[in-house]
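Take a look at the structure below.
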Amino acid sequence: MIIVSYPNIGEYERIVYNFLDKIIDKSKCKILRPEKNNRKILELGEENSPTNVCTPFKYTLGSMINSLNKGANVIIQIGGGCRFGYYAQIQEKILKKDMGYDFDFINLYNGNKLEFFKAVKKAKILNSNLKVQSLLKEIYFIVKLLRFSDNIITYIRDNECYIDDKEHLKKIKNMILDDMLKIKTVNEISLKNIKYKKEIDKLINKKDGKLKIGIVGELYSLMDSFSSNFLEKDLLKKGYKVKRYTTASYLLLDKNKMQKNLLNNSKLYLKYKIGADGTESVAHTLELINKGYDGVIHIKPFGCTPEINAMPILKKISDDYSFPIMFYTFDTLNSDTGFQTRVEAFIDMLEMRKK
Amino acid sequence: MKYYVGIDIGSISTKGVVIDENNKIIASDYIWTNASPIDASKRLVNSLIKKSKEEWLNNIYGIGTTGSARKLIGKIIGATSIKNEITAHAVGTISKYPDVSTIIEIGGQDSKIIIIKNGVVIDYAMNTLCAAGTGAFLSSQAKRLGIEVKEIQDYYKRANNPAKIAARCTVFAESDMIHKAQIGYKKEDLIAGLCNAIVENYTNNFIRGRRIEDKIVFQGGVSRNSGVVESFKSKLNKEIYVDKDSHLLGALGVAIISKSESKGDKVKLNIKDIEYKIREKECAGCSNNCQVVYIYEEEKLLDTIGNRCENCKTNI
């Protein structure tokens, strides 16, 4: 029996599951859904990673080790972006050579390039009858699903501060998470999209001036709440308007198209791309300033080079516009007291300034 | 007259003040935390009560906690306001120096800078990840040299030829100190070098890229050490104010905050002399996997810290 698994980020493992569920040969293969990130996964990853590598590497490695221990024998990993370009290769070496696991490793990216045909060949492990045509059809579907879930979740995030009935909202959120696993056709997606938008619009009952805070920075910390100490959830819970641009659909589908635009919008500060999401951090901060946001929190894992590139530029922007930006670096720290203190103080400061 | 209590439970020391409606400090105390904030708070509260006069003890309308153990102690003591130390320090200092524009604060394990314009905090920074250049380092080095922390300033005054000591990292600074001692530097020169290194570390971390304007107020435990104050003066070449209660300004700030947040109800200042047990556990109640601190009053669950929902309370 083939048991396939993959590392997790945020809630996106649901979409990967949905995709795999449609292409595997169920008589010979089953899917092991990765656990959500937790302390155990981080510890597994930390133990087996180079000390100075950034935390997303540790999380994804830990997630894979955890799945392997549970019996997975095929692992799919996606590389791409900054040093992440070689993450998959290094992780494969660690898992196979250092730790002695015996399994098939499917890496979809080489450097920054999607190796489609190689991936199709490898996908035959999961289903020997898989046709390129039907694979393309499923990819089309999954892209639609990814767009739908990102759009609707972003829509909720943008409006959560205007909604009082949090219980109802939570129900809708859970239904969407469920749908990410269960929806099977493109038709269903468009129906659900209309349905949820309507339901959410009905809940919106105020438009008052809450503090508006943007979150920018490294993609993994932004999209995975455990690895950023639930920053986004906590801010939303306290009733602030929170804006985050980075989503998986942005990174996979829109990023390339947008780069020129972003550079152009931030040409006073950037002449060249500064790698991974560094350009986005700068351009999005400028955009948030223009939109009248009160402050920006920039987060990154320890040692994230592209974001280190972005930081001095952000400091300059902060000075030029006298716009508050808070910087925080996450590592594998256990206690989040220090982080809470800084966020609280930052928000107090924003509130004082607003008065 | 209404009275308010502010307690600042830091990593090294625990401070408490009682203020009246005019923000005047009428009782205060300062003791070592000794890595046991619950114990320290017990001692602090009891000593405040001992120092008390009937009048204020029965007319308390707000209790605030701040400092790194603010949540834990806040829950145990039933605080009406729990505030982070950055805001508390800013509020405390502004109440005494309305025209302050820069607050330099160096405490036991963290250091910060707060920039204020027209009485509003517009920028702050706090050390991250590492406690180099803070009070903890001063006290550990003093211990290694066999002197009391309080004596550091006397040694500083006597130094003629301060040793140059690396400021970036505490571990490197310590090796520097050992090397300099072994080639024959006097104790006072080593200690003066140490004070300079603290200042150097601070300016490298915080002042770089910021404009430091008058009036500058220096506070936190380390400000009681005139050696570091002198070193700051010569480095920045500016007048530096150190309040006579500079170590209490965080507690004062949170007392003032509790005044402004007070709903007008009387509260009682006491801390039971029973054992509080703390247990830390990763909750498995939902997929958030919060790292929850459970506080037990003897065997009864008093409260939790770090949880994002209520599941952890039923799911122990």
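Any read-out appearing in this document is the output of simple, stated calculations on the displayed coordinates, not a laboratory observation. Just so you know, these numbers come straight off a predicted model, no measurement behind them. We place every Cβ from the backbone using ideal geometry, glycine too, and count neighbours over all the protein chains shown.
Some observations on this one:
- Per residue, the average separation of C-alpha pairs within less than 8 Å and at least 6 apart gives segment B:98-242 a relative contact order of 29 percent.
- Helical content alone sets the calculated 222 nm signal of chain B at -10500 deg cm²/dmol, taking -39,500 (n - 2.57) per DSSP H segment of four or more residues and averaging over every residue.
- What the phi angles of segment B:295-310 give under the Karplus curve with 6.51, -1.76 and 1.60, with θ = phi - 60°, is a coupling list of 9, 10, 9, 6, 9, 8, 6, 8, 6, 10, 10, x, 8, 9, 9, 8 Hz, glycine and proline written as x.
- Pairs from the table (A:Lys124/A:Lys184; A:Lys93/B:Lys313; A:Lys96/A:Lys300; A:Lys121/A:Lys195; B:Lys112/B:Lys157; A:Lys166/B:Lys281) lying more than 31 angstrom apart at Cα are A:Lys93/B:Lys313; A:Lys121/A:Lys195.
- Sites A:Glu199 and A:Lys118, calculated FRET efficiency, Cβ-Cβ separation with R0 41 Å, nearest 0.05: 0.45
- Three-way shape label, chain B, alpha-carbon gyration tensor, a/c 1.5: prolate
- Rounded Å value of the spacing that divides the Cα centres of segment A:210-271 and segment A:87-152: 25 Å
- Exposure proxy ranking, count of Cβ atoms within 10 Å, fewest first, for A:Asp224, A:Asp319, B:Asp110: A:Asp319, A:Asp224, B:Asp110
- In loop segments of segment B:194-300 as defined by DSSP, the GluC sites (Glu not before Pro) with at most 11 further C-beta atoms inside 10 Å of their C-beta are B:Glu239, B:Glu275, B:Glu298, B:Glu299.
- For segment B:261-316, the set of trypsin sites (Lys or Arg not before Pro) satisfying both a DSSP loop assignment and a count of at most 12 other C-beta atoms within 10 Å is given as B:Lys263, B:Lys266, B:Lys268, B:Lys272.
- Cα-based radius of gyration of segment A:2-130 once divided by 2.2 N^0.38 Å, which approximates compact folds: 1.00
- Cα gyration tensor shape of segment B:98-242, rounded if a/c is under 1.5, else prolate or oblate by comparing a/b with b/c: prolate
- Where Rh is the Kirkwood radius over Cα pairs, Rg/Rh for the protein assembly as shown: 1.00
- Dimensionless Rg over Rh [segment A:209-355; C-alpha; Kirkwood]: 0.94
- Averaging the Cα positions of each part gives two centres, and for segment B:113-173 and segment A:157-199 these lie 53 Å apart.
- Among the residues of A:343-355, the average count of other protein chain beta-carbon atoms within 10 Å of the residue beta-carbon is 5.
- Counted residue by residue at 0.36 nm each, then reduced by the alpha carbon distance between them, the extension gain from B:Lys263 to B:Lys50 reaches 74.0 nm.
- For A:Asn264 and A:Ser322, the FRET efficiency from 1/(1 + (r/R0)^6), where r spans their Cβ atoms and R0 equals 30 Å, is about 0.80.
- Calculated FRET value between B:Asn118 and A:Asn290, using beta carbons and R₀ = 35 Å, to 0.05: 0.90
- Fewest-first ranking of B:Cys309, A:Cys29, B:Cys195, using other Cβ atoms within 10 Å as the exposure measure: B:Cys309, A:Cys29, B:Cys195
- Distance between modelled label sites at A:Met99 and A:Ile2, nm, 7 Å Cα→Cβ extension: 2.2 nm
- Taking label points 7 Å from Cα along the Cα-to-Cβ direction, B:Asp214 and A:Ser128 give a separation of 8.7 nm.
- The chymotrypsin sites (Phe, Trp or Tyr not before Pro) found in segment A:250-355 that occupy coil by DSSP, while having at most 12 further C-beta atoms within 10 Å, are A:Tyr272.
- Isotropically averaged projected area of chain A, using the convex hull of Cα atoms (one quarter of hull area), nm²: 18.2 nm²
- Between A:Asn256 and A:Lys271, the simple label model (points 7 Å from Cα in the Cβ direction) yields a spacing of 2.7 nm.
- DSSP bridge analysis restricted to the protein assembly as shown gives an antiparallel fraction near 50%, rounded to the nearest 5.
- Taking amide H as placed 1.01 Å from N in the peptide plane, A:Cys29 has its amide H under 5 Å from the amide H of A:Ile2, each at least 5 places away in sequence or on another chain.
- Cβ-placed point charges (K, R +1; D, E -1), dipole of chain A about Cα centre in debye, nearest 20: 1080 debye
- Of all DSSP-defined beta bridges confined to segment B:1-91, some 60% are antiparallel rather than parallel.
- 5 angstrom amide H check on A:Asn127, placed H, neighbours 5+ away: A:Asp25
- What separates the Cα centres of segment B:21-88 and segment B:255-282 is a distance of 8 Å.
- Cross-link partners for B:Lys238 among the aspartates and glutamates, with Cα-Cα distance under 14 Å and sequence neighbours closer than 8 places in the same chain left out: B:Glu213, B:Asp214, B:Glu230.
- Exposure proxy ranking for A:Val120, B:Val242, B:Val199, A:Val132, based on other Cβ atoms within 10 angstrom of each Cβ and starting from the fewest, stands as A:Val132, A:Val120, B:Val242, B:Val199.
- Axial C-alpha extent at least 27 Å, average Kyte-Doolittle at least 0.5 - helices from chain A (DSSP): none
- Spatially close lysines, pair count over segment B:18-91: Cα under 17 Å, gap of eight or more or interchain: 8
- Chain A, helix-only ellipticity at 222 nm - DSSP H runs n ≥ 4, -39,500 (n - 2.57), divided by all residues, nearest 500: -16500 deg cm²/dmol
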